[in-house]
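J.: My structure is below; once you've seen it, I'll send some questions.
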Amino acid sequence: MHRLFQPISNELHSHKWRGISLIVTFLIIIASLQAQSVLQKQQSDRLDQQLAVELEHNSQLQLVAAIKTLQEKVDAAKAIGADTTALEKVIVEIKSRISDPTKTIENFNTIRDQVAVVETLITTQTEINRVAELQRQSGILIGVVKEGEQLLSGVSLTLTDGTATTSTTSAADGAYTFTITAGTYTLTASKSGYNSVKKTGVSITAQQTTTLNLALTKTQAKTSTTTTTSTTNGDSKYEKISIATSRGSFSIHLSTFNLASGQFAVSTDTANDNDCTDNCPTKSLSSYVSGNGGFAGMNGTYFCPADYSACAGQVGSFFWKVLNTRLSKMINANNGLGENDPFIAFNSAGTARYFSSWSSYAGSGFAGVAGINCKPALISNGNNILDEGSLDDKQRTTKSNRGAIGLRGQTLYLVIATSATVPDLAAVMDALDVDYALNVDGGGSSAMMFNSSYKIGPGRSLPNAIIIKRR
C-alpha cells in the first residue's frame with residue numbers, strides 16, 4: 001500500500017518544491033524591480049537637483065549680465081552730466097539680494113524698469129546739453145519797430161545767413177527778440193501797408209546782446225480817391241471824396257488833423273456833467289465846438305434819442321465812457337459798461353493813443369485829457385478786425401450815414417461815410433490805410449464841422465462830441 005502511493009507522494013513533493021521555487025523567484029523579481037525603482041528615483045532626484053543648481057546658476061549669470069548692462073547705461077548717463085545718484089542706489093540694492101533666489105524675478109523686473117528710466121534720462125540730458133551748447137554758441141538780437149514815434153506790433157521779422165532763416169513777430173510794444181547762432185545775417189522787417197526794411201551785415205556775437213531798432217514808413221494809399229471838396233487849415237484838412245474799397249466805392253466826409261504838428265488840441269465833452277440815465281441833456285455839435293473854442297468836430301457815441309420808442313425811460317442816455325475835458329472827469333466811469341470796447345485817448349501834448357479796451361486804458365497810466373469809447377472796433381494794427389457776428393441786423397444791412405474815428409500814426413481821422421453799412425465803413429477805414437479805427441454813432445445823429453461850418457448835419461442834438469481846437 002505504501003509502495004502503491006509512493007510514486008504519488010513523490011510527485012506531490014516534487015510539485016511542492018516547484019511552487020516554492022516559483023514563489024521565491026517571483027519575490028526576487030519583485031524585490032529587484034523595487035530596488036530598480038528606488039535607484040531610478042534617486043537618479044531622478046539627483047538630476048533634478050543638478051538641474052535646479054544649473055538653473056539657479058544660469059539665472060545668476062543672466063542677472064549679473066543684466067546688472068552690468070544697467071551699470072553701463074548709468075555710466076553713460078553720468079558721463080554726459082546726468083544725475084545718476086538714485087540709479088546707483090538701486091544697483092547697490094539689487095546686488096545686495098542677488099544671492100537670494102526668491103528675489104530673482106523682482107530683481108529682473110527692477111532692472112527692466114531702471115533701464116527704461118536711464119534711457120529716458122540719457123535722452124533728456126542729451127537735449128539739455130544740445131540746448132546749452134547752442135546757447136554757448138548763440139547771441140541775442142533785440143530791438144523795437146516803429147513808425148515815427150508809434151510802436152508797431154505784428155511786424156514780421158526774418159534773419160537769414162543765406163542757408164537758414166529764422167522768423168519772429170514784433171509784440172504789442174513793438175519789441176522783437178532773436179536768439180541765434182553767432183554769425184552775420186540779413187534782417188528783414190515787413191508789415192502790410194508799410195515799406196519793408198532790410199538790414200545786411202547784422203553781426204551776432206556768441207553770448208552777447210546786440211540791439212537794432214527799425215523804422216518803417218507807410219506805403220502809399222492802397223486805393224484811388226476822387227476829391228469833390230477840399231478845405232485846409234494849417235496841418236488839417238476837410239475833404240468830401242469818393243473812395244474805392246473792397247466793398248465798392250463810397251462817398252465820405254473826411255477831416256484829418258496832424259497832431260504831431262503841435263497845432264491842435266483835442267477835447268471830448270458831454271452835455272451832462274454827471275452820469276445820467278433818463279431825460280439827459282443834449283445839444284448841437286456847433287454848441288460843443290464853439291463852447292470849447294474849437295473849429296472842427298464830430299458827433300460821439302451811440303445814445304438813446306427821444307424819437308426812438310425803445311428809448312422810453314432812458315432818453316438822451318449813453319453808457320460808453322467819455323473823458324470830459326472841460327470837467328477833467330470820466331463820465332460813466334463806474335457803470336460797468338463798455339469796459340471791453342475800444343477807447344481813443346489824447347493827452348495834454350496832443351498825442352493820441354488807441355487802446356483795444358477802456359479797461360486797458362484805465363490801467364495804462366496814460367494821462368489822458370480827452371477820450372471816447374464806442375464799438376465795434378474796425379481796424380487794429382492796420383488790419384480790418386470787424387467782427388460782423390457782433391453786429392445787429394441794422395448795422396449789418398442798413399445803408400445809412402456811418403461814423404468812425406481813426407488814427408494813422410499821429411494823424412487823427414474823423415469820417416462819416418454815406419449810404420454805408422458798418423462792414424462798409426470798416427472797408428472805408430481800411431482803404432484809408434489807418435492803423436486803428438472804431439465805430440461811433442451815425443444815421444440821424446451824424447454831424448461834422450470844419451472851419452466852424454457844418455459839412456454834414458447838424459442832425460439830432462447830441463449827448464457828447466469830439467472837438468478839435470487850435471493851440
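Quick note: the coordinates plus some simple rules give every number you see, no bench work behind them. All of these numbers come straight from a predicted model, not from anything done at the bench. Neighbour counts are summed over all protein chains in view; Cβ atoms, including those assigned to glycine, are modelled from backbone coordinates with ideal geometry.
J.: By what distance, in whole Å, do the Cα atoms of the stretch 284-423 stretch along each of the three principal axes, largest value first?
T.: 40, 36, 33
J.: On a 0 to 90° scale, report how tilted helix 422-431 is relative to the longest principal axis of the chain, with both axes built from alpha carbons and the result rounded to the nearest 10.
T.: Roughly 80 degrees between the two axes.
J.: If R₀ is 45 angstrom, what is the calculated FRET efficiency for the pair Thr165 and Ala244, using the beta carbon separation as r and rounding to 0.05?
T.: Efficiency computed from Cβ-Cβ geometry: 0.80.
J.: Kirkwood hydrodynamic radius for the stretch 225-470: how many Å is it when counted over pairs of different Cα atoms? All intermediate terms of the calculation are to be shown ahead of the outcome.
T.: Working: mean 1/r = 0.0569 Å⁻¹.
Hydrodynamic radius (Kirkwood, Cα only) of the stretch 225-470 equals 17.6 Å.
J.: Nearest 10 degrees is fine. How inclined is helix 104-137 to the longest principal axis of the chain, computing both from alpha carbons?
T.: Between the helix axis and the principal axis of the chain, the angle is about 30 degrees.
J.: Lysines near Lys89 by alpha-carbon distance under 16 Å, same-chain residues fewer than 8 away left out - which ones?
T.: Cα-Cα hits under 16 Å: Lys68, Lys73, Lys78.
J.: What is the diffusion coefficient of the stretch 385-471 in µm²/s, taking the Kirkwood radius over Cα pairs and the Stokes-Einstein relation at 20 °C with a viscosity of 1.002 mPa s?
T.: Rounded, D is 157 µm²/s.
J.: On to the next question. For Lys394, give me every one of the lysines with a C-alpha distance below 22 angstrom, ignoring sequence neighbours fewer than eight places off in its own chain.
T.: Lys375
J.: What is the magnitude of the charge dipole of the chain about its Cα centre, with +1 placed on the Cβ of each Lys and Arg, -1 on the Cβ of each Asp and Glu, and no other charges, expressed in debye to the nearest 20? Don't skip to the end; give the middle numbers.
T.: Details: 40 positive and 38 negative charges, 121 e Å.
Charge dipole, the chain, about its Cα centre: 580 debye, nearest 20.
J.: In whole Å, what three semi-axes, largest first, describe the equivalent ellipsoid of the stretch 151-235 built from its Cα gyration tensor (square root of 5 times each eigenvalue)?
T.: Semi-axes from the Cα gyration tensor: 36, 14, 11 Å.
J.: How big is the chain on each of its three principal axes, counting only the C-alpha atoms and giving the largest first in Å?
T.: Sorted from largest, the Cα extents of the chain read 179, 63, 41 Å.
J.: Separation of the stretch 150-229 and the stretch 343-366 by C-alpha centroid, Å?
T.: Comparing the Cα centres of the stretch 150-229 and the stretch 343-366, I get a distance of 26 Å.
J.: Starting with the fewest neighbours, write out Lys321, Lys375 ranked by other beta-carbon atoms found within 10 Å of each beta-carbon.
T.: Lys375, Lys321
J.: Taking the Cα atoms only, what angle lies between the long axis of helix 2-79 and the longest principal axis of the chain, rounded to 10 degrees?
T.: So the helix axis and the longest Cα principal axis differ by about 30 degrees.
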